[in-house]
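A quick write-up on the structure given underneath.
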Amino acid sequence: MKYISSLTSPQPQSTTMKTLQQRKLTPSKRSQKRRFKGWGKLVTSGLFLQLLLMAGPSWGQEKKQEEYTYSELLNDINAGKVTQVEIDPRLQKATVTLKNQEKPEEVPLFKQNPELINRLKANDVQIDYNPSPDNSAMVRLMLQIPIILLILIIVIAIVRRSANMSGQAMSFSKSRARFQMEAKTGISFTDVAGIDEAKEELQEVVTFLKEPEKFTAIGAKIPKGVLLIGPPGTGKTLLAKAVAGEAGVPFFSISGSEFVEMFVGVGASRVRDLFKKAKENAPCLIFIDEIDAVGRQRGVGYGGGNDEREQTLNQLLTEMDGFEGNTGIIVIAATNRPDVLDKALMRPGRFDRQVMVDYPDLKGRQGILDVHARDKKIDEAVSLEAIARRTPGFTGADLSNLLNEAAIFTARRRKEAITMAEINDAIDRVVAGMEGTPLVDSKSKRLIAYHEIGHALVATVMTGHDPVEKVTLIPRGQAKGLTWFTPDEDSGLVTRNQLLARIAGLLGGRSAEEVIFGEDEVTTGAGNDIEKVTYLARQMVTRFGMSELGLLALEEDDQDNYAAFDEIATKVDTQINLIVEKCHQKAQTIIRENRAMVDRLVDILIDQETIEGDEFRQLLEEFKEPVDSAGPELCKSV
Ligand code: ADP
Ligand code: MG
Ligand code: ZN
């Protein structure tokens, strides 16, 4: 189990990003270590040199003494054997060239050698004075180098430690490495699906990058910046890479969060670096992810504004104003918080084009599944359309994750190709988290069974509710039991009846607990249901005009007038209560009127742990009692 979870537990994107960033950092850290080892080598070699120098002279002298002596030299001069003598006064030695010997001899001398000079002159021998360069200073320096190095290393270590203590204060030295460049992204528009409008708008940008002359020739100004707006995982980064890939230009990317450093001026210098590099490589595309991290409105926010962020933002604006439209650089930025962005960013000549990248619809999801199924072995019986149907609200990232999870299940089960079974398990996991072990038979297991059957039964009896997909007692994530519904496809429009049915279905769990175990025995298990119920009911009152308050949009963002607001808030709460209470009673009635059936369904559920939707409906038919299934009459009267 543990192995599986570490392999497949879905990670929030931010964590993934962090790991990536950490990974990015490691090489530079490693190279610093390597540099350190380098210092060490230098020290050792310095010491070695020193030893050599100390040993050197004495070892040389011993050798010479054996071979040719001063008195021998004097004798040889008298005998006329010597043709030339080279005297080195500094090292106190003479190099003697003998008549019948090719290799000259070396003789150690005294400080003063009047005798020798006289004899040489007397015998007419050629004398050369040839003092060797004075190395003593060098030698002394050599001796000092290791010490200097040692001190240097200590100083560096101290500086580094203090830098670590003050956060990333020293990281400005690394600022150049903080953006990435991909010469070729290798991604094309065919890899992006489900966001056709965004693709279409960006097609134009591709043309700008490819053939700017076309536009400049007729005096059109090429836009500099495009802002992609949309929730995480919808494919903003992918889309930007696809634009670079389609245009065949390099892709520079940096994340807004990387601009935000402790040191004032670091972010600004990074922006400068980035644009400098980009200009050298134009035409190219700059992608700034999470631009809201630096592009927040200036002068607001925590601590009355943030100098660093403002400087970075100003630098960004300056850079964008600085280059002419036809330099062939296009900046694409991404955010999911356009509301917090500084207005200056949106001005013409900056990010004046905004492209929405939204959740994909049914067709879009199918397209995305098609893209990600290309490199996977999928059984012929699997219908990608059916998967798309079951996954409203999934982003492109969710869908790619889903197919990957299914592939992992398939590999673990040693199957040849992904079948619907793996897909279903993967959907369950992506939606609700990891499967746990079922509870042992106990009172609490029975209570959970009643709760889930309550949901399933009320939802099935109420007209307008999505059909039950399955009821299960196998825990997942936080939930001890689950009732799944097959969502109706994103028609977008929901009727009042459907909303009431949904509320009653959500209350079915708690209602079953109440009817069977009594008001005092109800559990916290319905917490999540009640939250959803309240949200739905509030929406009905304040947004959809579906209460006695009439057709009023009572959005609560507008809190300027507190007195009026308070009065309205009370009315809204009363209406919410009315709706919820009516639906609650309807749910209780359904449970009471079908008590025998509920008991039998619970027994089956405890026995099987899971009842599929079709089976559930079949059982309902079998156990049918005379039911008042006139629909949500009670709720309708709200
Ligand atoms: P965002 O930048 O909007 O948060 P990403 O572009 O990083 O999302 O998407 C993450 C991954 O999810 C992509 O690498 C891709 O595999 C998949 N994905 C997301 N959206 C799409 C899409 N529209 N079409 C195909 N794959 C997508
Ligand atoms: Mg992204
Ligand atoms: Zn519930």
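The table that follows gives values for the structure above.
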quantity: Whole-Å semi-axes of the ellipsoid equivalent to region 405-537 (Cα gyration tensor, √5λ, descending); calculated: 28, 21, 11
quantity: Within region 178-356: Cβ-based charge dipole about Cα centre, in debye rounded to nearest 20 (Lys, Arg +1; Asp, Glu -1); calculated: 260 debye
quantity: Percent of Cα pairs exceeding the 16 Å cut-off, where the set is region 352-428; calculated: 46 percent
quantity: Kirkwood Rh in Å, taken over all unlike Cα pairs in region 68-129; calculated: 11.3 Å
quantity: Area accessible to solvent at Met346, 1.4 Å probe radius, in Å²; calculated: 50 Å²
quantity: Solvent accessible area, Å² - Ser444, 1.4 Å probe, full protein context; calculated: 60 Å²
quantity: Carbon and sulfur %, accessible surface of region 443-635 computed with the full protein complex present, 1.4 Å; calculated: 50 percent
quantity: Packing-based order for 78-90, 496-508, using average beta carbon neighbours within 10 Å, highest first; calculated: 496-508, 78-90
quantity: Long-range Cα-Cα pairs in region 443-635 (distance over 22 Å), rounded percent; calculated: 48 percent
quantity: Protein-only accessible surface order, largest first, of Arg350, Arg390 at 1.4 Å; calculated: Arg390, Arg350
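The values are calculated or read from the model by the stated rules, or taken from the named source; none is laboratory data. Please read these numbers as outputs of a predicted model, since none were measured by experiment. Ideal geometry is used to build each Cβ from the backbone, glycine not excepted, and the neighbour counts take in all protein chains shown. Note: accessible area is taken over every heavy atom of the protein model, side chains too, but ligands, DNA and RNA are not part of it. Shrake-Rupley method; radii C 1.70, N 1.55, O 1.52, S 1.80 Å.
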